[in-house]
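First comes the structure, then the notes that go with it.
The values are calculated or read from the model by the stated rules, or taken from the named source; none is laboratory data. Worth saying up front: this structure is predicted, and the values here are computed from it rather than measured. Counting neighbours? That spans all protein chains shown, and the Cβs are built from the backbone with ideal geometry, glycine included.
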């Protein structure tokens, strides 16, 4: 007796999804950048403490469409979802939660207005603030942008959360705007000045192309702006590497030793 048509179709669809997932995972594993490009110059003490406790690590990822996952084939291939998987593999004894609070099209001031409802109630040990892209696309007010980011960092640090800023993606529509280098540089400058980490997504993606690992169309969607499954996977893995290194470095006491044991398992 032959299998029902719907069963055959479902099995074929599942197989295609599995193959696609394997291909994306393989592509991401080939993402290599110089270590200094993703190295954080500050530690993540609150994150290290959470890892050391062996109980729970709560991360809020706030941002715009890159955080929400526009361009990904499904929600499981957004960078917050992939980051969750990666960190859970590194620390299987830890309850890792990455809360996706991305809203497409927002600029920094709109994200800041959401901190009260979308970030602070979760009491995260770590906040990843992806910012700058829509500022490049929609406004040239660099001074106002810098003031907003400073205010946001101050509010997050008041809760004692660790902070990582993520700068814009390397994409044609970003590159076409003359203000993009100023926004990228201002994020690094503010992070340095306020002693928080910055994940240099712009530099990472530029290197992936300039080194010949990928072409622009391999890591950017056809709209010339949004990332895709391959680039989200690359960014998630490299970001996980950066978080793990920063959380297990420096003098974080018991948190550091416990975190190191978690990585070695």
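Data for the structure
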read-out: Residues of segment 67-88 classified as touching a strand residue (DSSP E or B) at 6+ places or on another chain (Cβ under 7 Å) and under 20 Å from residue 162 (Cβ atoms), total; value: 6
read-out: Top-ranked residue in segment 29-44 [being assigned to a helix (DSSP H, G or I) and over 17 Å from residue 165 (Cβ atoms); ranked as modelled with the lowest pLDDT]; value: 29
read-out: Test: residue in segment 200-221 that is part of a loop (DSSP other than H, G, I, E, B), under 16 Å from the mean Cα position of the chain (by Cα) and within 19 Å of residue 156 (Cβ to Cβ); value: no
read-out: Of the criteria (1) crowded, with 20+ Cβ neighbours inside 10 Å; (2) more than 18 Å from residue 69 (Cβ to Cβ), which one residue 89 fails; value: (1)
read-out: Lone unmet requirement of (1) modelled with pLDDT of 95 or more; (2) outside any strand (DSSP E or B); (3) under 18 Å from the mean Cα position of the chain (by Cα) for residue 25; value: (1)
read-out: All positions within segment 40-80 that are surrounded by fewer than 21 Cβ atoms within 10 Å (Cβ to Cβ) and without any contact (Cβ under 8 Å) to a residue 60 or more places away in the chain; value: 55, 56, 74, 75, 76
read-out: Test: residue in segment 47-70 that is assigned to a loop (DSSP other than H, G, I, E, B), under 30 Å from residue 141 (Cα atoms), modelled with pLDDT of 95 or more and in contact with a helix residue (DSSP H, G or I) (Cβ under 7 Å, 6 or more places away or on another chain); value: yes
read-out: Yes/no for residue 167 being buried (at least 24 other Cβ atoms within 10 Å of the Cβ), within 15 Å of the chain's Cα centre (by Cα) and without any contact (Cβ under 8 Å) to a residue 40 or more places away in the chain; value: yes
read-out: So residue 146, is it under 27 Å from residue 245 (Cβ atoms), at pLDDT 95 or above and either within 14 Å of the chain's Cα centre (by Cα) or in a helix (DSSP H, G or I) (or both); value: no
read-out: Test: residue in segment 172-192 that is surrounded by 15 or more Cβ atoms within 10 Å (Cβ to Cβ), modelled with pLDDT under 95 and either in a helix (DSSP H, G or I) or out of contact with any helix residue (DSSP H, G or I) (no Cβ under 6 Å at 6 or more places or on another chain) (or both); value: no
read-out: Residue in segment 129-143 that is part of a loop (DSSP other than H, G, I, E, B) and closer than 24 Å to residue 53 by Cα present; value: no
